[in-house]
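The values are calculated or read from the model by the stated rules, or taken from the named source; none is laboratory data. For clarity, every value in this text was computed on a predicted model and none was experimentally measured. Quick reminder, even Gly has a Cβ in these numbers, built from the backbone with ideal geometry, and neighbours come from all protein chains shown.
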Amino acid sequence: MITLRDWELNKEKWLDQDLSLMQSDEGWREGTQKNGINIWQRPFPDDKNDLFRWRIPKIEAAHSEVYDVFVNKMIDYHHYWTAEYTGGFLVKELEENVQIIYQQFNPGIPFISKRDLLYIQWSRKIDETTWQTSFKSIILDEMPVTKDFKRIDWWGGHLFEANKDGSSQLVLIDRENQGGSFPANIMNMVMPQYLIKQFESIITFFKNGGVNTHQKLSDSKNSALKLK
């Protein structure tokens with residue numbers, strides 16, 4: 001996890017690194033493939049959990065719409081592709097394209113603790129048809145780990161690209177250290193199939209109308225988290 005000072009010193013370098021990881025195949029090992037969705041993974045020396053990359057080649061929505069959902073409306077619609085998501089809220093907006101977000105997850109599995117996630121997201125426009133967002137778990141004194149939760153250490157990124165037919169592509173990178181005693185080798189083994197299910201749900205969400213036809217997570221659930 002990083003501090004706000006870490007982010008201030010490294011934000012441009014990390015954006016460049018994430019963009020390279022999302023665009024170049026160098027260093028990646030291609031693994032699972034299903035229905036045109038490819039999953040790649042690779043290790044890094046600082047964590048036993050692998051970094052995963054996947055590309056959804058066609059989403060039935062403009063890249064600006066997909067960007068808006070994933071960057072500005074994630075806390076409202078995340079439950080459509082992540083079943084264990086139970087709510088979240090905007091902690092603070094540092095500037096126009098920089099936000100700190102809090103989320104909670106309940107796996108609903110005996111002996112597996114609930115998880116929470118506190119991260120900073122920052123975005124940039126590459127060109128008229130390509131936008132990028134990066135994510136890193138962050139430490140804030142005013143947002144300690146919630147009682148009975150384990151905090152996820154997350155590194156992620158999204159690349160939103162326009163297709164010529166008005167649809168879009170979505171490229172994502174994701175590394176999740178679930179905290180506690182959750183074994184990294186088990187995470188590395190189960191993540192590809194888990195991600196495939198997520199991507200299929202994302203495709204369905206936009207194919208069926210996106211935010212125009214889906215209900216937001218109850219505002220009362222998100223607001224209740226702020227009061228704890």
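List the residue pairs whose Cβ atoms are under 8 Å apart, where the first residue sits in the range 2-21 and is under 16 Å from Asn97 (Cβ atoms), the second is of a type in the set (Lys, Arg), and the two are 6 or more positions apart or on different chains.
Short answer, once both residue conditions are applied: Trp7/Lys136; Trp14/Lys136; Leu15/Arg124.
Go through the residues of the range 128-149 one by one and say whether even a single one is surrounded by 14 or more Cβ atoms within 10 Å (Cβ to Cβ), of a type in the set (D, E, K, R), more than 12 Å from the chain's Cα centre (by Cα) and on the phi < 0 side of the Ramachandran plot.
No - not one qualifying residue is present in the range 128-149.
Exactly one of (1) at pLDDT below 90; (2) under 15 Å from Val66 (Cβ atoms) is unmet by Gly108. Its number?
All conditions pass for Gly108, except number (2).
Provide a single number: the residues in the range 73-97 that are farther than 14 Å from Leu140 by Cβ, of a type in the set (A, V, I, L, M) and touching a residue at least 24 places away in the same chain (Cβ under 8 Å).
Total satisfying the criteria: 2.
Taking strands (runs of 3 or more DSSP E) that fall entirely within the range 105-198, which contain at least 3 residues that are of a type in the set (S, T, N, Q) and within 20 Å of Met1 (Cβ to Cβ)?
Numbers: elements: 114-127, 130-137, 149-151, 153-162, 168-177.
Those strands (runs of 3 or more DSSP E) span 130-137.
How many residues does the range 117-153 hold that are in contact with a helix residue (DSSP H, G or I) (Cβ under 8 Å, 6 or more places away or on another chain) and of a type outside the set (A, V, I, L, M)?
11
Find the residue count for the range 79-99, including only residues that are part of a strand (DSSP E or B), farther than 17 Å from Tyr67 by Cα and of a type in the set (A, V, I, L, M).
Number of matching residues: 2.
Taking the range 169-207 on its own, how many of its residues are loosely packed, with under 15 Cβ neighbours inside 10 Å and among the β-branched types (Val, Ile, Thr)?
Going through the range 169-207 one residue at a time, the tally reaches 3.
Can you list residue pairs whose Cβ atoms sit under 8 Å apart, with the first residue in the range 29-41 being farther than 9 Å from Ile196 by Cα and at pLDDT 80 or above and the second being of a type in the set (D, E, K, R) and surrounded by 13 or more Cβ atoms within 10 Å (Cβ to Cβ)? Count only pairs 6 or more apart in sequence or on different chains.
If the second residue must be of a type in the set (D, E, K, R) and surrounded by 13 or more Cβ atoms within 10 Å (Cβ to Cβ), the pairs left are Arg29/Arg42; Trp40/Arg53; Gln41/Asp50; Gln41/Arg53.
Kindly indicate whether any position in the range 208-222 is out of contact with any Cys (no Cβ under 7 Å at 6 or more places or on another chain), modelled with pLDDT under 90 and charged (D, E, K, R).
First, pick out the residues of the range 208-222 that are out of contact with any Cys (no Cβ under 7 Å at 6 or more places or on another chain): 208-222.
Then drop every residue that is not modelled with pLDDT under 90, which leaves 218-222.
Next, only the ones that are charged (D, E, K, R) stay: 219, 221.
Yes, the conditions are met somewhere in the range 208-222.
So if I check each of Tyr67, Tyr102, which one is crowded, with 20+ Cβ neighbours inside 10 Å, assigned to a strand (DSSP E or B) and of a type outside the set (Lys, Arg)?
Details: Tyr67 fails: assigned to a strand (DSSP E or B).
After ruling out the rest, the residue left standing is Tyr102.
Go through Gly87, Gly31, Gly27 for me and flag whichever is buried (at least 18 other Cβ atoms within 10 Å of the Cβ) and of a type in the set (Gly, Ala, Ser). Spell out the reasoning first.
Values: Gly31 fails: buried (at least 18 other Cβ atoms within 10 Å of the Cβ); Gly27 fails: buried (at least 18 other Cβ atoms within 10 Å of the Cβ).
Criteria check complete, one pass: Gly87.
Within the range 2-18, does at least one residue satisfy the condition of being surrounded by 14 or more Cβ atoms within 10 Å (Cβ to Cβ), in a strand (DSSP E or B) and at pLDDT 95 or above?
Yes, because at least one residue in the range 2-18 is surrounded by 14 or more Cβ atoms within 10 Å (Cβ to Cβ), in a strand (DSSP E or B) and at pLDDT 95 or above.
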